[in-house]
Amino acid sequence: MLDKIWDRHTVHTQIDRPDLIYIDLHLLHEVTSPQAFEGLRIAKRHVRRPDLTFATVDHNLPTTDRSLPIHDDLARNQIAALQKNARDFGITLYDVDSEKQGIVHVIGPELGLTQPGMTIVCGDSHTSTHGAFGALAFGIGTSQVEHVLATQCLPMDKPKSMQIKLSGKLSKGVTAKDVILGIISRIGVDGGSGHVIEYTGETIKAFSMEERMTICNMSIEAGARAGMISPDATTISYLMNKIPLEDIEDVKSLTDSWLDLASDKECQFDSVIEIDARSLEPCVTWGTNPEMSIPITESIPNPEKATSQEAKQAMQRALSYMDLQPGVPIQNISIDRVFIGSCTNSRLSDLQAAAAILKGNKVNENVKAMVVPGSTAVKKEAEELGLDKIFVDAGFEWRESGCSMCLGMNPDILNPGERCASTSNRNFEGRQGKGGRTHLVSPETAAGAAIAGHFVDAREWID
Amino acid sequence: MKPFTSHEGQVVPLDRVDVDTDQIIPKQFLKRIERTGYGQFLFHDWRRKEDGTPDPTFCLNRKKFKNGSILVAGKNFGCGSSREHAPWALIDHGFRVVISSSFADIFKTNCYENGLLPVELPENQTARLLTLAEEHKAFKVTVDLVAKKISDRQGWEEDFEIDPFVRDSLMEGLDRISHTMSLEEHIKNYENQLFL
């Protein structure tokens, strides 16, 4: 599939030079774009394809009442800069007050912008999310944002391909989040470096589009350039509800062309990894990168058992930052905060899964919990289903959409020393606030932990 | 972009693996809309103790490494977020070269775009540099992009590999956008065949 998409987007090739690749969809947000627009202005360049470029505000937007002014001057300026840039260069912006606003990787698929076979870029590493649709989608830096704005192309060498094949049926309560955490713990935070990972196998086929997005989203946490999943009937059925069918002449030939993108049975990958899905359990990270995770039934690992001196030091450093002792069962670890949100786990099905566990229960008195829907549309849909009431009744704060405490650029941050069960994607030191301690989990585990006040085996909480 | 041909500088050892861009430059400093001025925020949290005072043991705070311009670190340097503020902060602080046994893909590209040279060496060589930087008073190496060699004054020399286009771009300080724009005819042809 990588080869098919690559070949279809190659504008120009030259010996000893990278291929020039055409970009079908360019998504922008407020944090990584201002310097790119500044660069265009200085060089007196225009945006080549404003019609293929869409912007939204998500990273530093407060998730409290949207009618109030933003207190943080820098955040307000950055949002104002995006508003001006979108206006000046003729780019569609889903602004603070738009019904279509949301985390850039949630709204792309939701609005039908993300489609199979596309090349998609955004100045954000979690752009890999869109690969769930059989697109080649990857994060870029600000200079490349400027490059795509000016030329709609990027010079690139084709990454290598890696197949991760998952076979077997997951046991109940083991989620897509647990699967991707399990994969990263096996291949490491740099296991996918230089590669595009294609996830295949019956376990992946059985996943919904939202579950597939969770998987592809965290490909970058394994160091991969992108993650992708071949389009199938699930992909088509999702998109039929999202794209404007009346504008399409021949729907059947369009969907057939999507199915043609799927990797051929005999195709060769540069590397192949096989994982038995039946071996996977709900996962919790214990350290300071997404590779450092254990199944919920296990205890904090011992650095003395590390395979190298380097690994031992990294483990010791992580345990010290996380204030954890080797040998303690992870279920004995108490938490202070719960965050349900982020481009990994803030879609409707994530909120439904958490709400199913929370219904009729109360958040532990020692825990402060919040839920931040991935988009304004997800929030609205959830409210129509009464999920907001379940969350609020349980003691959660029900917020407006945005990236929020996944990276804590807005006021939603952990205090130093606070321990958080978070459905986000990165547990780096200080990620959710200086001194904050992040444990990555699924929405189900986060909901169970919110009630119990410590990590729990979500399998015991699901009816 | 400042052209890069050869650079001699003191080595600063950062003996940690999987250094992520959240550590290189924490998110609270990403709200600015300029490309410059990030050097003061480089490794912000690691430079400080819990009470906010400078940590004298952290490499960037040690007097000995004050004039260092070549950072050496453990594997998988620059993993995580795509923030280009990471190379901006390294450059603004005075670094011209980062050496590691491996770099995260997006970070590496962001370095190329800004004239910061990421040099990949085998793990035993980066380990050697980490040790020598600690042992010597001011351990210097020369990174020669033209010859694709790194060497020290004691006669040690090691070749490194780099993509030929990247090397040419860095040596010329090439504006990559102008280069792509010179292929306008091909882009137009591609669009015509696609959209007409």
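The values are calculated or read from the model by the stated rules, or taken from the named source; none is laboratory data. None of the values given here were measured: they were computed from a predicted structure. Glycine gets a Cβ as well: all are built from the backbone with ideal geometry, and neighbour counts include every protein chain shown. Heavy atoms of the whole protein, side chains included, go into the accessibility calculation; ligands, DNA and RNA do not. Shrake-Rupley method; radii C 1.70, N 1.55, O 1.52, S 1.80 Å.
Mind listing just one residue for me: the one in the range A:311-329 that is free of Cβ contacts under 8 Å to residues at least 40 places away in the same chain, within 14 Å of another protein chain (Cβ to nearest Cβ) and under 18 Å from A:T438 (Cβ atoms) and, of those, surrounded by the fewest Cβ atoms within 10 Å (Cβ to Cβ)? Lay out the reasoning, then the answer.
Of the residues in the range A:311-329, the ones free of Cβ contacts under 8 Å to residues at least 40 places away in the same chain are A:311-320, A:324-329.
Narrowing the set further to residues that are within 14 Å of another protein chain (Cβ to nearest Cβ) leaves A:311-318, A:320.
Okay, now just the ones that are also under 18 Å from A:T438 (Cβ atoms), so A:314-315, A:317-318, A:320.
Values: A:A314: 22, A:M315: 22, A:R317: 16, A:A318: 21, A:S320: 10.
Only one residue fits best here, namely A:S320.
Quick one: what pairs do we get from the range A:377-401, first residue farther than 14 Å from A:D350 by Cβ, second among the basic types (K, R) and at pLDDT below 95, C-beta under 8 Å, 6+ apart or different chains?
A:E400/A:R66
Out of the residues in the range B:92-104 that are open to solvent by 10 Å² or more (accessible area, probe 1.4 Å) and out of contact with any Cys (no Cβ under 9 Å at 6 or more places or on another chain), state the one that is nearest to the other protein chains (Cβ to nearest Cβ).
Per the stated criteria, the residue is B:S102.
Scan the range A:257-286 residue by residue and report those that are open to solvent by less than 60 Å² (accessible area, probe 1.4 Å) and over 30 Å from A:N332 (Cα atoms).
Scanning the range A:257-286 gives A:S257, A:W258, A:L261, A:A262, A:S263, A:C267, A:F269, A:S271, A:I273.
Filter the range A:85-108 down to the residues that are farther than 18 Å from A:Q152 by Cα and assigned to a loop (DSSP other than H, G, I, E, B) and list them by number.
A:D95, A:V96, A:D97, A:S98, A:E99, A:K100, A:Q101, A:I103
Tally up the residues in the range A:6-58 that are assigned to a helix (DSSP H, G or I), basic (K, R) and within 11 Å of chain B (Cβ to nearest Cβ), please.
Going through the range A:6-58 one residue at a time, the tally reaches 1.
Determine, yes or no, whether B:V166 is open to solvent by less than 20 Å² (accessible area, probe 1.4 Å), in contact with a helix residue (DSSP H, G or I) (Cβ under 9 Å, 6 or more places away or on another chain) and within 14 Å of chain A (Cβ to nearest Cβ). Write out each step before concluding.
Details: open to solvent by less than 20 Å² (accessible area, probe 1.4 Å): yes; in contact with a helix residue (DSSP H, G or I) (Cβ under 9 Å, 6 or more places away or on another chain): yes; within 14 Å of chain A (Cβ to nearest Cβ): yes.
In short, yes.
Sort out which residues of the range B:125-145 are within 12 Å of chain A (Cβ to nearest Cβ) and either open to solvent by 50 Å² or more (accessible area, probe 1.4 Å) or not polar (S, T, N, Q) (or both), and write them in order of number.
B:A127, B:L130
For a quick check of your reading: which strands (runs of 3 or more DSSP E) sit entirely within the range A:121-216 and have at least 1 residues that are open to solvent by 10 Å² or more (accessible area, probe 1.4 Å) and away from chain B (no Cβ under 13 Å)? Full working, then the answer.
Values: elements: A:136-139, A:153-156, A:160-167, A:195-200.
Answer list for the range A:121-216: A:160-167, A:195-200.
Only one of A:A353, A:A311 is over 25 Å from the mean Cα position of the chain (by Cα) and hydrophobic (A, V, I, L, M, F, W, C). Can you tell me which?
Values: A:A353 fails: over 25 Å from the mean Cα position of the chain (by Cα).
Result: A:A311 is the single residue among A:A353, A:A311 that is over 25 Å from the mean Cα position of the chain (by Cα) and hydrophobic (A, V, I, L, M, F, W, C).
Among strands (runs of 3 or more DSSP E) lying entirely in the range A:384-463, which contain 1 or more residues that are among the polar types (S, T, N, Q)?
A:419-422, A:437-440
Report yes if A:G168 is of a type outside the set (D, E, K, R), more than 23 Å from the chain's Cα centre (by Cα) and at positive phi, otherwise no. Don't jump to the end; show me each part of the working.
On the way: of a type outside the set (D, E, K, R): yes; more than 23 Å from the chain's Cα centre (by Cα): yes; at positive phi: yes.
In short, yes.
Give just the number: which of (1) assigned to a helix (DSSP H, G or I); (2) surrounded by fewer than 23 Cβ atoms within 10 Å (Cβ to Cβ); (3) away from chain B (no Cβ under 14 Å) does A:L113 not satisfy?
(1)
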